[in-house]
Amino acid sequence: MNTKSIKAYGTETAEADLKQLQIDRRAVLANDVEIDILYCGVCHSDLHFARNDWGMTEYPVVPGHEIVGRVTQIGEGVTKYKIGDLVAVGCLVDSCRTCNNCKNDLEQYCPEWVGTYGGYDKHLETNTHGGYSETIVVDEAFVLSVPQNLDPAGIAPVLCAGITTWSPLRHWNVGIDSKVAVVGLGGLGHMAIKLADALGAHVTLFSRSTNKIEDAKALGADEVIISTDDAQMEKAMGRFDVIIDTVPYEHDLNPYVSTLNTNGTLVVVGYLGPLDPMLVTVPLIMGRKSVAGSLIGGIAETQELLDFCGKHNITSDVEVIDMQNINEAYERMLKSDVKYRFVIDMKSL
Ligand code: NAP
Ligand code: ZN
Ligand code: ZN
């Protein structure tokens with residue numbers, strides 16, 4: 001198969017900083033779109049993956065799954081896009097397309113889904129590489145249209161931070177007067193606040209950080225509860241219909257379960273792994289409460305969200321950085337020192 005060698009940024013080990021690498025992209029196949037990447041958001045998952053936090057990274061890894069760019073080439077079978085279109089790619093670049101999940105627009109739950117990085121590219125017979133790179137080649141079925149009225153840098157985080165919070169908000173039927181809480185004000189958390197607010201919900205932020213109260217309110221939160229303050233947590237008992245928990249590391253879910261109303265659901269989207277302390281079932285049983293999880297969103301749902309953002313003028317609050325500053329950005333992200341998503345200007349590569 002013909003390939004093109006391009007510049008990218010990634011790492012060959014869990015311990016090393018990210019640095020410039022050369023990677024191969026496949027030549028455009030019949031249904032492929034080649035995209036010149038303009039912007040790529042920096043997700044906490046990129047950091048988990050680069051540093052092998054989940055124990056499944058194969059190196060080299062080139063992270064990045066919040067991609068916005070322009071179409072530069074199309075295969076002869078492409079019908080949805082033309083050269084020059086502003087398009088986006090999120091966390092998925094392929095799936096089996098025949099299983100029930102694929103047929104129901106839930107490609108993210110397909111047993112054969114292919115991640116934008118760290119997945120398996122069946123054409124190149126190697127790992128997929130993400131958006132910290134000059135270009136990407138993706139089947140048009142996994143390429144999305146970007147609303148023309150929105151800032152391309154600000155829309156990039158919608159492709160992961162946005163859809164990961166939108167999908168559970170929609171699945172658990174959040175609408176006018178729903179009582180929604182969001183745990184953690186980072187990339188996912190700030191999109192969750194904006195989206196739940198736009199859906200008409202009453203939105204509360206749970207945060208460890210007393211310095212984020214004003215920002216949370218400006219983003220659309222009606223109130224902020226400092227999660228380390230027992231008195232404030234006590235007052236929140238039994239209040240929420242849906243809680244979206246974006247915290248990336250092990251933490252105690254039990255105090256949040258207590259703040260669910262009867263029939264309420266705590267949706268974990270941040271932390272991946274066993275719980276310590278363990279979950280106590282008593283409040284679940286006594287209040288018919290649920291603890292659930294949710295993974296990104298399917299292609300149709302991601303397009304629905306992009307269109308919703310276009311209509312409601314919603315973008316992410318971003319700090320645009322050069323590619324060369326990615327290692328510093330990771331350290332700052334670990335300290336929650338970003339308002340509220342880093343986005344790489346890919347011209348800098
Ligand atoms: P982020 O920007 O770093 O935000 C995480 C926020 O969680 C922080 O701003 C902080 O908010 C809070 N936090 C951080 N460390 C904490 C700790 N040790 N204890 C308590 N709170 C803590 O991260 P992100 O990009 O939003 O990603 C969040 C998580 O979601 C990551 O683990 C990522 O891998 C995962 N993720 C999952 C999916 C999915 O499909 N399920 C998709 C994308 C990302 P406060 O300062 O307000 O407390
Ligand atoms: Zn992500
Ligand atoms: Zn499938």
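Read-outs throughout are calculated quantities, based only on the coordinates presented, and are distinct from any laboratory measurement. Given the structure is predicted, the values throughout are model-derived calculations rather than measurements. In this analysis, Cβ positions are derived from the backbone assuming ideal geometry, glycine residues included, and neighbour counts consider all displayed protein chains.
What's the extension gain from ASP222 to HIS312 if we count 0.36 nm per residue and subtract their Cα-Cα distance? Please list the in-between numbers first.
On the way: separation 90, 0.36 × 90 = 32.40 nm, distance 1.88 nm.
So the extension gain works out to 30.5 nm.
At q = 0.18 Å⁻¹, what is the base-10 log of I(q)/I(0) for the stretch 205-322 according to the Debye formula with one equal point scatterer per Cα and no solvent? Please give it to two decimals.
-1.14
Give me the extension gain from ASP24 to GLN232: residue separation times 0.36 nm, minus the current Cα-Cα distance, reported in nm with one decimal.
Values: separation 208, 0.36 × 208 = 74.88 nm, distance 5.28 nm.
The span from ASP24 to GLN232 would gain 69.6 nm if fully extended.
Per 20 Å bin from zero, what fraction in whole % of the C-alpha pairs of the chain is there, up to the bin with the longest pair?
31, 58, 11, 0
Roughly how many debye, to the nearest 20, is the charge dipole of the stretch 112-183 about its Cα centre, given +1 on each Lys and Arg Cβ, -1 on each Asp and Glu Cβ, and no other charges?
Numbers: 3 positive and 8 negative charges, 78 e Å.
That gives a dipole near 380 debye.
Let's test the formula: R0 of 30 Å, r as the Cβ-Cβ distance of SER290 and ILE176. What FRET efficiency results, to the nearest 0.05? The partial results should precede the final answer.
Values: r = 22 Å, r/R0 = 0.73.
FRET efficiency, SER290 to ILE176: 0.85.
Could you size up the charge dipole of the chain around its Cα centre, putting +1 on the beta carbon of Lys and Arg and -1 on that of Asp and Glu, and report it in debye to the nearest 20? Let's see the in-between values first.
On the way: 28 positive and 47 negative charges, 111 e Å.
Here the chain has a charge dipole of around 540 debye.
Using only helices, what value at 222 nm comes out for the chain when you add -39,500 (n - 2.57) per DSSP H run of length 4 or more and divide by the total residues, to the nearest 500 deg cm²/dmol? Can you show the working numbers first?
Details: 11 runs with 85 residues, N = 349.
After summing the helix terms and dividing by residue count, I get -6500 deg cm²/dmol.
Can you list the HN-Hα couplings for the stretch 37-44, worked out from phi with the Karplus curve (6.51, -1.76, 1.60; θ = phi - 60°), rounded to whole Hz and with x for Gly and Pro?
Each residue of the stretch 37-44 in turn: 6, 8, 9, 9, x, 10, 9, 4 Hz.
Please compute the length gained on full extension between GLU58 and GLN324, using 0.36 nm multiplied by the number of residues separating them and subtracting their Cα-Cα distance. Kindly include the intermediate steps, with their values, before the conclusion.
Values: separation 266, 0.36 × 266 = 95.76 nm, distance 2.26 nm.
Additional length available on full extension: 93.5 nm.
Using a simple spin-label model with points 7 Å from Cα along the Cα→Cβ vector, what separation in nm is obtained for ARG208 and VAL280?
Roughly 2.2 nm, to one decimal.
Return, for the Cα atoms of the stretch 108-210, the radius of gyration and Dmax in Å, separated by a comma.
For the stretch 108-210, the Cα-based Rg and Dmax read 16.7, 49 Å.
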